[in-house]
Amino acid sequence: MWLSFAIGSVIAWSIPIVLDSVLVKNFENDPFILMWTQSCISMVILIIASFFVPFKSAWIPWLVLTSIIAYVGDIVLFHALDRVEASVINIAWAFMAIVLSIVGFYFFGESWSISQTIGVVCILCGVCFLSYWHHHIGWTAIGLIVAIGLLYAPSNAMQKAALFHGEILYTTIFWQLASRECLSFLFPWCLPSFRRKIGPFLFKVSSLHYWGLSFMVIVTYFSGMYLLAEAYKVGPISLVAVVGNIQTFTVLFFAWIIWKLFPRFASKEFFDGQTVLVKLSTFLIVFTGLGLLAIS
């Protein structure tokens, strides 16, 4: 069951990665402006949810703290989207998987079978193969990608810890999302550059395209958050994190669809011969590993 939730979260989170890349390429590459406009949508959803979700939790300080760290990861992610293909950015999940696997072994008593270990090695090798042979990625981009993985790991680990100790799933998700989105909504106003740019930007971007895409980003992101929490609730954090690496290929698939159907609004993605060959090769390696996890 945990594998189904984990794959569902990957599919759900692949959509906002691609759509954010579309927004960065076609509308605005300032991460604070993009995150603020999206937080306007998410705050409305969270205010409605607050009438139905229980607030009380002993984990609130830790959930808020790790969500603040993840917010920094969001900023790095948007900077990376302006420089790297959407599918390649998901290499960050491989580095996050390593961190969370260590957390799983030391704090949750997790272990892998032989077939699961082989599956994990296949997935990580496929991701590494993509990162080293992809001719559009450099060491600066690799540094950004590593930073994303390390900044997102604490939030995921704290979510697993809260659920592991019996915290209500919806309460956990609510506090993580509320703290992250409130920061996205309030912090940019401390920046003079943001205050100078936000007015002209809102006047310029009044089209339904921008706000429609932003709404889809928030809805699919929230859905991914819920599915991931369900996966962590019933599954090992180490393996759930490893499954997240297939997001590289689901992102590539969604990016290809947009490239074929709406080339004008295509995300930052390359589909030349060498790039496609490398991505398909890693696709086969990674899904072999995923199959080994599924039959374990």
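Using the Cα centre of the chain as origin and beta-carbon charges of +1 (Lys, Arg) and -1 (Asp, Glu), tell me which of ALA6, SER39, LEU77 is placed farthest towards the positive end of the dipole. Checking the options against the dipole of the chain, the answer is SER39.
Across every pair of non-identical alpha carbons in segment 21-180, the mean reciprocal distance, once inverted, gives a Kirkwood radius of 17.5 Å. Cβ crowding within 10 Å ranks HIS209, HIS79 as HIS209, HIS79, fewest other Cβ atoms first.
Each Lys and Arg adds +1 at its Cβ and each Asp and Glu adds -1 at its Cβ; summed about the Cα centre, the chain shows a dipole of about 420 debye. Listed options for semi-axes √(5λ) of the Cα gyration tensor in Å are (1) 36, 26, 19; (2) 36, 30, 15; (3) 29, 26, 16. The value calculated from this structure is the one marked (3). Neighbour counts of C-beta atoms inside 10 Å place CYS122, CYS40 in the sequence CYS40, CYS122, starting with the fewest. Counting neighbouring beta carbons within 10 Å and listing from fewest to most, the residues LYS25, LYS56, LYS204 come out as LYS56, LYS204, LYS25.
Every number here is computed from the coordinates shown, using simple stated rules; none is lab data. Treat the numbers as computed from the prediction; the structure is a model and nothing was measured. Glycine gets a Cβ as well: all are built from the backbone with ideal geometry, and neighbour counts include every protein chain shown.
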